[in-house]
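A.B. asks: Sharing a structure here in structure tokens format.
The values are calculated or read from the model by the stated rules, or taken from the named source; none is laboratory data. Remember, predicted model here, so these are calculated numbers, not experimental data. When we count neighbours, we look across all protein chains shown, and the Cβ atoms used for this are built from the backbone with ideal geometry, even at glycine. These area figures cover heavy atoms from the full protein model, side chains too; ligands, DNA and RNA do not enter into them. Shrake-Rupley method; radii C 1.70, N 1.55, O 1.52, S 1.80 Å.
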Amino acid sequence: MSKTEPIILGIESSCDDTSIAILKNQTLLSNVTASQKVHEEFGGVVPELASRAHQSNIVPTLNKALKDANVAINEIDAIAVTKGPGLLGSLVVGVSFAKGLAMANNIPIIGIDHMQAHILAHFIKQPNKDFNAPKFPFLCLTVSGGHSQIIKVNNYFEMELIGQTKDDAAGEAFDKISKMLGLPYPGGPHIDRLAKLGDPKKYVFPISNMPAYNYSFSGIKTAVMYFLQKQLKNDPNFIKNEINNICASVQFTIIKMLLQKLKKAARATNTNEIAISGGVAVNSELRNQIRVLSAKHNWNTYFPEMQFCTDNGAMIAIAGHFKYLNKNVDTINLVPDARLKFF
Ligand code: KG4
Ligand code: ZN
């Protein structure tokens, strides 16, 4: 029997963050994330190391989430867990743990699509904070390490894919280019920080021209690679001396590509409710540029708080909340799906 004010536990383990959150009736009680530093030296996530780190982090993360929320496990009404997409080994850890917890405590389990959860992060309420969520239907630009998508969101469950990247994701471009520059993983936050000190027009990188509302970010990665090889031949200190200008110019180009298609999609769908989700939505210049566009095009724009942009258990819990109220729960036979496609 669904309760109208359910307490939902959300477990996220699709990539390199183990994150567990508890929500009561859409309101956040706790959100605990154990990030994995082990990948930094490799310049990207090493799947086997990620699974092992999830295994050692998951129990302490759960205990802290319950303690911070002041909730006992037997008060939880449903356990929501990321079913996919993501790294299979990492998903297996989260789903297996959720199943064990569900069986031992006789709690229903709900499998969640990670990309849908990034969008529903806009509906997380917080105690003593204003709640301002996008109004349906809205467009959501979801930009993360694995995806770049424009989605038309008709309601909590009905979402249409309008456009997406045909190769690398925007976050992946940030991460791969930052690796070429010798910056630690994940590179997005480092490029964001250094770009503030540089000239975004100093270097010109190609803008991809994909049909309709689709993206391509592999071209800029290759262009930056050849550009750096050429410059380094003439000046071995080129990266060291020019890193701020390179970061500013790369960031400028990626944001320009993201916003060109978002503007086009907003015009074509006649939408002025615009939301941004995913790890790249933390980017300060992307937020600035979207604010400029909102003023120009009369958009109402929505950015989740930073802790709800990068991977987090709260977005899994909020997606679970709506599915639970809709009586859409899974059985203990739930299996992870690394290539899960909701859209
Ligand atoms: O959503 P997320 O935490 O994980 C995935 O589902 O992929 O996104 C991670 C991505 C990484 O590529 C990271 O470099 C990027 O988000 N990111 C940023 C910033 N903070 C995180 N990219 C640009 N600027 C940032 N400030
Ligand atoms: Zn994500």
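A.B. asks: Could you point to the residue in ILE112, GLN229, GLN55 farthest towards the positive end of the chain's charge dipole, with +1 and -1 charges on the Cβ of Lys/Arg and Asp/Glu respectively?
C.D. replies: Result: GLN229, furthest along the dipole toward the positive end.
A.B. asks: Using the Karplus curve 6.51 cos²θ - 1.76 cosθ + 1.60 with θ = phi - 60°, what ³J(HN,Hα) values do you get for each residue of the range 179-194, in whole Hz, with x for Gly and Pro?
C.D. replies: Taking θ as phi minus 60°, the curve returns 5, 4, 8, x, 8, x, 8, x, x, x, x, 6, 5, 4, 5, 6 Hz for the range 179-194.
A.B. asks: Roughly what angle does helix 313-325 make with the longest principal axis of the chain, taking Cα atoms, 0 to 90 degrees, to the nearest 10?
C.D. replies: Computed tilt is about 50 degrees.
A.B. asks: With springs only between Cα atoms under 10 Å, which of GLY279, GLY182, GLY111 fluctuates most in a Gaussian network model of the chain?
C.D. replies: GLY182
A.B. asks: Once you charge only the Cβ atoms, +1 for Lys and Arg and -1 for Asp and Glu, what is the size of the charge dipole of the range 138-304 about its Cα centre, to the nearest 20 debye?
C.D. replies: 440 debye
A.B. asks: Then there is this: For a quick check, take a GNM of the chain with Cα springs below 10 Å and name the residue from LEU232, LEU62, LEU293 with the largest mean-square fluctuation.
C.D. replies: Among LEU232, LEU62, LEU293, the largest GNM mean-square fluctuation belongs to LEU232.
A.B. asks: Rounded to whole Hz and in sequence order, give me ³J(HN,Hα) for the range 102-112 from the Karplus expression 6.51 cos²θ - 1.76 cosθ + 1.60, θ = phi - 60°, writing x for Gly and Pro.
C.D. replies: 5, 5, 5, 10, 6, 10, x, 10, 10, x, 10
A.B. asks: Compute, for TYR226, the solvent-accessible surface of its heavy atoms (probe 1.4 Å) with the complete set of protein chains present, and express it in square angstrom to the nearest 10.
C.D. replies: Its heavy atoms expose roughly 130 Å² to the probe.
A.B. asks: Compare the Cα positions of LEU194, ALA212, LEU9 along the charge dipole of the chain (+1 at Cβ of Lys, Arg; -1 at Cβ of Asp, Glu; about the Cα centre) and return the one farthest towards the positive end.
C.D. replies: ALA212
A.B. asks: Here is a follow-up. Going by alpha carbons, how many degrees (0 to 90, nearest 10) lie between the helix axis of 284-297 and the longest principal axis of the chain?
C.D. replies: 90 degrees
A.B. asks: Counting Lys +1, Arg +1, Asp -1, Glu -1, what net charge surrounds LEU141 among other residues with beta carbon under 13 Å of its beta carbon?
C.D. replies: My count for the surroundings of LEU141 gives +4.
A.B. asks: Another one. Counting each DSSP H run of 4 or more residues in the chain as -39500 (n - 2.57), what helix-only mean residue ellipticity at 222 nm follows after dividing by all residues, to the nearest 500 deg cm²/dmol?
C.D. replies: Helix contribution divided over all residues of the chain: -14000 deg cm²/dmol.
A.B. asks: Antiparallel DSSP bridges in the range 138-304: what percent, to the nearest 5?
C.D. replies: If we restrict to bridges inside the range 138-304, about 60 percent are antiparallel.
A.B. asks: Turning to a different aspect of this structure: Give, to the nearest whole percent, the P(r) tail of the range 138-304 beyond 27 angstrom, counting all Cα pairs.
C.D. replies: So the pairs more than 27 Å apart make up 24 percent of the total in the range 138-304.
A.B. asks: A further question follows. With the chain treated as a Gaussian network of Cα nodes joined by springs under 10 Å, which of ALA104, ALA121, ALA170 yields the largest mean-square fluctuation?
C.D. replies: Highest fluctuation among the options: ALA104.
A.B. asks: Quick one, can you get me the convex hull of the C-alpha atoms of the chain expressed as volume per residue in Å³?
C.D. replies: 129 Å³
A.B. asks: For the range 27-44, take each phi angle, set θ = phi - 60°, evaluate the Karplus expression 6.51 cos²θ - 1.76 cosθ + 1.60, and give the result in whole Hz per residue in order, putting x for glycine and proline.
C.D. replies: Going residue by residue, I get 9, 6, 9, 7, 8, 10, 10, 9, 7, 9, 7, 4, 7, 3, 5, 9, x, x Hz, with x marking Gly and Pro.
A.B. asks: Dipole magnitude of the chain about its Cα centre, charges +1 at Lys/Arg Cβ and -1 at Asp/Glu Cβ only, in debye to the nearest 20?
C.D. replies: 880 debye
A.B. asks: For a quick check of understanding: with a 1.4 angstrom probe and all protein chains in place, what accessible area in square angstrom does CYS247 have, to the nearest ten?
C.D. replies: Rounded to the nearest 10, that gives 0 Å².
A.B. asks: Shifting gears a bit: With a 1.4 Å probe and every protein chain left in place, work out the accessible area per residue of the range 56-161 in Å², rounded to a whole number.
C.D. replies: Heavy-atom SASA per residue in the range 56-161 reads 40 Å².
A.B. asks: OK, next. Rounded to the nearest percent, how much of the accessible area of the chain (1.4 Å probe, protein heavy atoms only) is carbon and sulfur?
C.D. replies: Looking at the chain in its full context, I get 51 percent from C and S.
A.B. asks: Can you list the residues, at least 5 places off or on another chain, whose amide H is less than 5 Å from the amide H of ASP337, using H built in the peptide plane?
C.D. replies: For ASP337, the qualifying residues are GLY84.
A.B. asks: Treating the angle as unsigned and between 0 and 90°, give the value, to the nearest 10°, between the Cα long axis of helix 238-269 and the longest Cα principal axis of the chain.
C.D. replies: For 238-269 against the chain, the angle is about 60 degrees.
A.B. asks: Calculate the length of the line joining the C-alpha centroid of the range 177-207 to that of the range 124-159, in whole Å.
C.D. replies: Comparing the Cα centres of the range 177-207 and the range 124-159, I get a distance of 27 Å.
A.B. asks: How much accessible surface does MET257 have with a 1.4 Å probe, in Å² rounded to 10?
C.D. replies: Its accessible surface works out to 10 Å², give or take rounding.
A.B. asks: Amide H to amide H under 5 Å from LEU29: which residues, 5+ apart in sequence or cross-chain, H placed 1.01 Å off N in plane?
C.D. replies: Sorted by chain and number, the residues that satisfy this are ILE22, LEU23, LYS24.
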